[in-house]
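To start, the structure under review is shown below, and the notes come after it.
Nothing in this text is a laboratory measurement; each read-out follows from the coordinates by a stated rule. Predicted, not measured: the structure shown is a model, and the values here were computed from it. Note that we place each Cβ from the backbone using ideal geometry, even for glycine, and neighbour counts take in every protein chain shown.
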Amino acid sequence: MARQARFDGAHPLRVSALLSEGALRQQVGGPQVMRRQLDHLVRLATERPAQIEVRVLPFSAGAHPAFGGPFEILSFPSPRLPDLVWQEILTSIDIIDQSVRVTDYIVTFAETRELALGSDESVDLIRRIAKEMT
């Protein structure tokens, strides 16, 4: 709930997320739980499009630059704070702050984003997948 509260207030977070179609279809908690989660994701993306961008990488995209695993690029409003990459894997968490490596992740994200569906098409796909969760 504290993280959700960060979307409101004086300095709300902005999120641009790329999700694989597989992540949307993998049932965790059962179909009813998944349906509610997908509906919530659609609601966020449609109610706050300037703040929350969700784009889906469909199965048809095949292998892509970010296929190696999940990561987050953290950017801050102050120019004195450099971008960071947060990466979680099975046994560890890594914070990457070397500018060359961070740039690699930024480029990887941009290249992968180009392969993803647009925002509207992504929301439509998420809605279709949610309807399958009955």
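Within the stretch 103-124, being among the aliphatic types (A, V, I, L, M) and crowded, with 18+ Cβ neighbours inside 10 Å holds for Ala116, Leu117, Val123. In the stretch 7-47, the residue that is farthest from Tyr105 (Cα to Cα) out of those that are among the basic types (Lys, Arg) and exposed (fewer than 15 other Cβ atoms within 10 Å of the Cβ) is Arg36. Of all residues in the stretch 63-76, those that are touching a residue at least 12 places away in the same chain (Cβ under 8 Å) have Cβ atoms under 7 Å from Cβ atoms of residues that are part of a loop (DSSP other than H, G, I, E, B) and not hydroxyl-bearing (Ser, Thr, Tyr), 6 or more apart or on another chain, in Ile73/Asp83; Leu74/Asp83. Would you pick out the residues in the stretch 21-56 that are under 13 Å from Val123 (Cα atoms) and touching a Pro at 6+ places or on another chain (Cβ under 9 Å)? Scanning the stretch 21-56 gives Glu21, Arg48. For the residues Val85, Val100, the requirement of being exposed (fewer than 12 other Cβ atoms within 10 Å of the Cβ) and not small (Gly, Ala, Ser) singles out Val100.
When we screen Arg101, Arg128, Arg80, Arg113 for residues that are of a type outside the set (S, T, N, Q), under 21 Å from Arg55 (Cα atoms) and over 18 Å from the mean Cα position of the chain (by Cα), the only hit is Arg128.
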